[in-house]
Every structure is written in structure tokens, then in C-alpha cells.
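The structure under discussion appears below in the form of C-alpha cells.
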Amino acid sequence: MNVQMPSLKFIVLLFIVAALLLVFGVVHQAGAAERKNPNVFNRLLKPKKPFNLPPAKDGYHDPEGEGVAYLQPPKEAFKDLVPAKVGNHVDWVRSLESGKITPRYDRLDPKAKPIVMDLNIVREVKGSMPDVAYPHKQHTEWLDCSNCHPAIFIPQKGANQISMAAILMGQKCGVCHGKVAFPITAKTCRKCHSRPKGRKGKKAKAKKAASKK
């Protein structure tokens, strides 16, 4: 029985097809991995740091401490709160407004109620950024006036010089923000710079024009 051996061209063709299938498989797997994690092939971008680690791994608590095992892991404590994209990934203001948390205002008196001040302070800023609208309401729902006045902010118009440099150095707003309140990042600019420029000017011009009629 004569068996015809495959030709050299046929063998080369098989090798080419196998190589193409191998390359296609590798590219497909790489594409899937890249869609799942865009930093896989970009060594210049650092992967996101894990957040809300358990106390034994967060770098703040002593993992050998006897009481660390009794502390509730943050992810377990925060799972029912309103999520956010920065800081500890909790929107504390919305969590408070929705009734998901009811913080005690006084350490000794559980019936004490906060003195809420519903007043926005608008600070005009230079450049193209919107002006800052500081909401007293959201702050006084958590804090007493004495937490900020007069040590951090003098309660007098024009008496406080505030800059982003000072805030980033932990002064003024930076006493809390970046530590126990949401951090100052590119994602949080509009939380404070929320008032479009010219709103006050447009209202004043409209009022002046109406008075002349």
C-alpha cells in the first residue's frame, strides 16, 4: 500500500496556520485582560491602591495588637452607606441626608440635637474656576461652630486668606479635608467650586435695569 507523504508546501502552510491561530489567541487574551484592567500593559500607570482594608492590614493599626481582631472591617461597616468615588468611598453627606446614619451630636447626651445653620458663604475666586459656595448646613449637621471658629476661620468678612496651597498644606479647609473629610483631588474640585461666575452680576444688572423702567 502506497502512502503519499504530504508535500513541503502543505507542511509549511500548516505551520503558518498554527502560528496565526496562536498569535490570534494571545492577542485575544491580552485584549480581554486589557479591557478588564487597562493598566495591564501600561507600566507607567500605577494600579489603583486598595481601599478600606481590614484593620490588621491598613497600616495604621498594630496587626499584632490584641484588640485589632475585634474591630469591624470598614467595607463591612460601610456596605449600606451611599457610595462615593474618592476618599474612603462613602458619601457621608448623602448618607446623613438619607437617614442611613444618625451621628450622636453630643458625646454624653444622646438626645442633644445639632444647631444647624442653613447659610451658604460664596467666595469669589480668580481665574476660570467657578466660585466657591461653602455650605454651613452640611457642616453644622456634624460639627459645632467652635470646631472651626475662631481658631481656623475668623467669623468676619474679609478676615480669612484662603488659597489652594494653604489647603493642600493642611491649613484652613485642609485641616479636615484629606484627613477626616473627602480629599482634595481632581475629582472633587466641583464639590466646592460649584457656583458659576457672573450669577451675582447678572442678577444685579437685571435688578438695576428693572428699577429704571
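The values are calculated or read from the model by the stated rules, or taken from the named source; none is laboratory data. Computed from a predicted model, the values in this text were never measured in an experiment. We work out accessible area using only protein heavy atoms, side chains counted, and drop any ligands, DNA or RNA first. Shrake-Rupley method; radii C 1.70, N 1.55, O 1.52, S 1.80 Å.
Structure values in brief
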{"item": "Solvent-accessible surface ranking, highest first, for Asp62, Asp131 at 1.4 angstrom", "result": "Asp62, Asp131"}
{"item": "Square roots of 5 times each gyration tensor eigenvalue, C-alpha, region 113-165, largest first, Å", "result": "22, 14, 9"}
{"item": "Amide H partners (placed H, <5 Å) of Arg195, local residues excluded", "result": "Asp131, Ala133"}
{"item": "Region 55-213 - accessible surface per residue (Å², probe 1.4 Å)", "result": "78 Å²"}
{"item": "Interatomic Cα distance distribution for region 85-194, bins of 5 angstrom, percent", "result": "2, 10, 17, 25, 22, 14, 7, 2, 0, 0"}
{"item": "Asp144 accessible area, assembled protein chains, probe 1.4 Å, Å²", "result": "70 Å²"}
{"item": "Karplus-derived 3J(HN,Hα), 6.51/-1.76/1.60, for each residue of region 85-102, Hz, glycine and proline x", "result": "9, 10, x, 8, 6, 10, 8, 5, 5, 5, 5, 5, 5, 7, x, 6, 9, 9"}
